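Shown next, in structure tokens, is the structure this report addresses.
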Amino acid sequence: MLIISGLTVSGTHDPEEDKQTLDDLIVRTGKGDREAFAELYGRTRAAVYAMALSYLKNAEDAEDAAQDTFVKILTSSGAYVPKGTPMAWILTITRNLSLMRMRRRMREGELSPEEWDAIPEDAPRVTSEDRLVLGEAMRSLTDEERRIVLLHASSGLKHRETAKLLELPLSTVLSKYNRAIKKLQSVLKGELV
Amino acid sequence: MNENRINEMLDSALSHAAPDDLENVFLRAEKEKEKGSEIEVTETKTKKKFGKWQTWQRVLVAACLVLVVIGGVGGILLGQANAVVSVVSLDVNPGIELSINRGEKVISCRAVNADAEKLLSDMGGGRDLEGVKLDVAVNALVGALVRAGYLNDISSAILVSVEDDDETRATRIQQELVDYIDGALKGESGQASVFSHSTTRSDVEAIARDNNISTGKATLINEIIKNNGITDEGAFEKLSLLTVKELVELKRTGDSRIPIGSELAASAAIEYAGAAGNGVRTDVDPELDDVPPCYEVEIITDNGKYEYTVDAYTGEVLTGARDIFASAPKEKLTEDEALAAAKAHMAARFPELAGSTPESVVIRTDDKDSEYEIEFICGGYKFEYDIDIYTASVLDWDVEKINAGGNGSGSVMPSPSETTAPPTSPTPAPSTDIGEDAAKAAAFSHAGVKEADVTSLRVVRDYDNGRLEYDVEFRVGNIEYEYEINGETGVVISYDRETVGQAGTTTPPATKPETEPPTTTKPETEPPTTTKPTVSDIGAESAKAAAFAHAGVGENEVSNLKVERDYDDGILEYEVEFRVGNAKYEYKINGSTGAVISYDVEGDHHDDDHDHNSAGGNASADIGAEKAKAAAFSHAGVSEADVRALKVERENEHGRIEYEIEFKVGAYEYEYTIDGATGKVLSHEKDHDD
């Protein structure tokens with residue numbers, strides 16, 4: 001049984017090196033290398049969850065969509081052609097799976113915007129600070145602001161890449177990012193040191 | 001609070017909240033593969049039965065596990081720590097025996113046969129398990145078995161036998177192991193059955209070793225001899241040659257006769273087929289609990305596959321083609337002759353069409369040049385025939401009504417039900433018909449369920465390959481069953497069982513939407529001319545999304561996008577075509593489930609063209625056929641040992657060497673184009689094997 005440490009992509013890595021590594025991990029996954037997949041999972045699961053959460057706005061659905069994404073990666077990475085945009089490839093899968101899930105949910109009439117919750121009740125690693133900051137991100141921001149901020153924080157993507165991924169003009173991404181950060185600064189002021 | 005701090009906090013919160021369950025992803029991917037192949041094989045009617053058999057046979061070759069704990073050797077060995085009190089053995093047709101001491105640690109691990117040796121090869125031949133606790137060792141072995149694909153099928157059977165002189169301990173260990181394996185399997189596929197028994201140590205060990213089987217299998221054999229009342233001389237030796245699946249099925253039937261075994265069944269089929277000495281391969285699947293008990297034998301030749309059923313006790317071949325090689329060297333038919341054969345077949349079944357002239361006739365030969373594939377339209381129906389290129393025999397046929405209006409043509413068989421069919425509807429003439437109730441009863445009996453417990457029942461009377469069938473679908477709790485029952489004999493042709501959703505929820509399974517209220521049991525009440533799709537439709541947007549997700553591209557990257565909604569053999573499909581740069585993608589997406597049915601990528605190597613040309617003068621570089629093959633196999637994730645019908649062609653394309661490589665693995669056909677200079681995969685395609 002494999003045990004995976006909770007690696008995440010933080011902003012301190014060299015982005016180009018990260019891309020190379022992720023590309024390499026996906027290719028190795030495609031060849032059946034389970035350890036490569038395990039590392040890929042550890043490095044990208046936060047960003048994938050962020051993407052799913054920013055569309056689905058519900059912890060449970062986002063978890064499912066995140067896991068779906070990795071199942072998809074595991075079963076289809078054999079056909080992956082490295083293009084230097086591994087994170088975009090992964091997050092596109094997440095977005096499409098999230099959209100499919102959202103449509104299904106809407107068809108089934110289950111979607112009720114008031115019901116969403118960013119964090120599962122029984123998540124053991126989530127601190128009260130986590131709960132607060134994510135909760136505010138969900139409550140105070142618009143859909144697009146939330147997407148942009150969450151992806152920026154977790155994926156290591158540049159604004160230009162986020163813009164491409166979300167199919168928005170770069171200027172929109174930049175302005176919405178700045179506005180979102182300001183909103184968060186203001187609502188979190190006083191709440192956290 | 002600055003921007004960086006907010007980003008850090010968000011990243012940390014997301015990382016803490018994001019699911020961290022890699023094991024679950026691996027498990028689901030395994031299942032997806034299973035499910036994926038099942039969904040795919042049911043997509044194409046003419047290939048459906050065959051595909052399913054193949055899947056099952058592959059798994060069933062060794063789908064049974066016997067876990068045996070034997071104890072009480074004790075005493076005479078090197079003190080307590082090394083005293084064997086129990087022996088655990090795992091059989092996957094093969095067998096593994098674990099000798100256990102009083103502290104329930106493994107003292108030794110023995111492979112009973114070759115498959116077991118293979119399984120243990122990456123555990124130091126079993127030595128890695130020595131000294132570890134029994135549950136840890138079993139965990140490792142069950143994991144290895146699952147990964148090797150042994151335990152994912154409905155017909156997988158696990159036998160846990162515990163032999164130990166201490167009866168209490170035997171029972172306890174048995175229960176612990178059963179619970180453990182049961183739990184592990186529920187997390188996997190939940191498909192395998194767990195059998196168990198515990199006995200005190202007997203002389204079974206000696207006889208087991210004499211016959212090169214595990215003690216667990218030996219105990220099972222003894223039970224069968226006793227319970228089934230088998231009195232043949234040498235019964236033990238004869239039964240020891242059977243697989244665990246055969247034994248479990250035999251035990252279930254209570255038959256006092258001894259089946260002939262897979263090898264004899266294969267030889268009987270080969271002899272009947274006139275294929276002896278032709279170096280053919282066979283796949284054998286025992287169906288001892290079918291009526292009549294039989295072996296299903298598939299003979300695989302270079303010209304294709306032939307299916308036979310062989311009586312499990314007499315060795316008589318019940319169905320299958322004779323003299324499969326004798327017909328090969330004969331003259332090929334002309335297209336007209338093949339069309340005439342198809343028309344004659346149609347006229348025999350649809351007398352009112354006898355005088356009509358087929359329109360829009362398309363005739364082509366299949367890629368093996370062994371059959372004509374003929375399509376034509378006649379009397380408002382589209383007919384498809386596969387005609388043997390030498391014998392004119394009808395290998396397969398299908399008919400669907402052409403929908404006059406609306407998008408796509410719904411596939412509906414001309415209904416053979418006499419009273420409700422409109423006079424213009426062609427009516428195949430069945431010889432006998434057991435009726436819907438008998439078909440239902442046969443399915444329920446096979447599934448071991450009571451009609452009172454059944455929900456979402458759906459019975460469809462159908463013709464497949466000219467044979468009357470009942471497709472019976474139902475649910476019991478959260479288990480969904482699908483049966484195909486021979487409409488003339490009541491024999492179970494195929495069945496499938498799947499766990500869907502949670503028990504008690506009403507969420508329909510994603511793959512099989514219920515389109516009727518659960519109480520509706522008579523699809524006959526629908527007019528037979530109904531061509532409206534009765535399946536759910538994910539819509540073009542989702543189909544596109546599925547294709548893009550599979551291709552790993554964003555919609556904004558694609559050009560020349562084309563999405564077509566279509567019905568293929570009654571299955572809603574979306575054909576999604578698009579380009580990304582120089583690459584052309586073609587997808588077929590299941591319109592109900594979003595599953596990728598097939599896909600094709602072409603091009604995407606213009607840059608390379610450039611590279612080669614600009615590199616100057618290395619156009620003649622050639623890695624050779626072996627390396628090209630290896631590149632294709634590696635890309636497809638297959639090993640050469642599993643590959644059949646391999647074709648390698650070296651081609652000179654505009655001064656550049658390319659290898660065209662075709663091969664088959666399991667139910668799939670692969671086509672690769674490999675760059676002869678670099679070994680790069682230029683294009684590849686994976687599709688169902690005809």
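Every number in this text was worked out from the coordinates using simple rules, so none of it is lab data. If you're wondering where the values come from, they're calculated on a predicted model, not measured in any experiment. Cβ sites come from the backbone with ideal geometry, for glycine too, and all protein chains shown count toward neighbours.
Here are a few things to note about the model shown:
- Our coupling estimate for region B:357-366, obtained by passing each phi through the Karplus curve with A = 6.51, B = -1.76, C = 1.60 and θ = phi - 60°, is 9, x, 10, 6, 6, 10, 10, 9, 9, 6 Hz, Gly and Pro reported as x.
- At q = 0.11, 0.12, 0.27 Å⁻¹ the log10 of I(q)/I(0) for region B:335-401 amounts to -0.21, -0.25, -1.24, computed by Debye summation with a single uniform scatterer per C-alpha, solvent ignored.
- Across the cross-link table entries A:83/B:544; A:72/B:305; B:217/B:629, which are compared at the Cα atoms, the separations over 31 Å belong to A:72/B:305; B:217/B:629.
- Shown for A:89, B:397: other C-beta atoms within 10 Å of each C-beta, ranked fewest to most, produce the order B:397, A:89.
- When you work out D = kT/(6 pi eta Rh) for region A:37-76 at 37 °C and 0.692 mPa s, using the Kirkwood radius from C-alpha pairs as Rh and the Stokes-Einstein form, the result is 329 µm²/s.
- For residue B:434, net neighbour charge (Lys/Arg +1, Asp/Glu -1) across residues whose Cβ lies under 12 Å away: -3
- Per residue convex hull volume, Cα atoms of region B:262-319, in Å³: 66
- Per-residue average of Cβ from other chains inside 10 Å of A:73-82: 5
- Other protein chain C-beta atoms within 10 Å of residue C-beta, averaged over A:97-105: 3.
- Within 10 Å of the Cβ of each residue in A:41-50, the mean number of Cβ atoms contributed by other protein chains is 5.
- Among the chymotrypsin sites (Phe, Trp or Tyr not before Pro) within region B:291-323, those in coil by DSSP and having at most 15 neighbouring Cβ atoms inside 10 Å are B:313.
- Most to least packed among A:45-57, B:228-240 [average Cβ atoms within 10 Å]: A:45-57, B:228-240
- Nearest-0.05 FRET efficiency for residue B:291 and residue B:210, computed from C-beta distance (R0 41 Å): 0.70
- Cβ charges +1 (Lys, Arg) and -1 (Asp, Glu), total dipole of region B:226-359, debye: 160
- Per-residue Cβ neighbour rank within 10 angstrom, fewest leading, B:493, B:589: B:493, B:589
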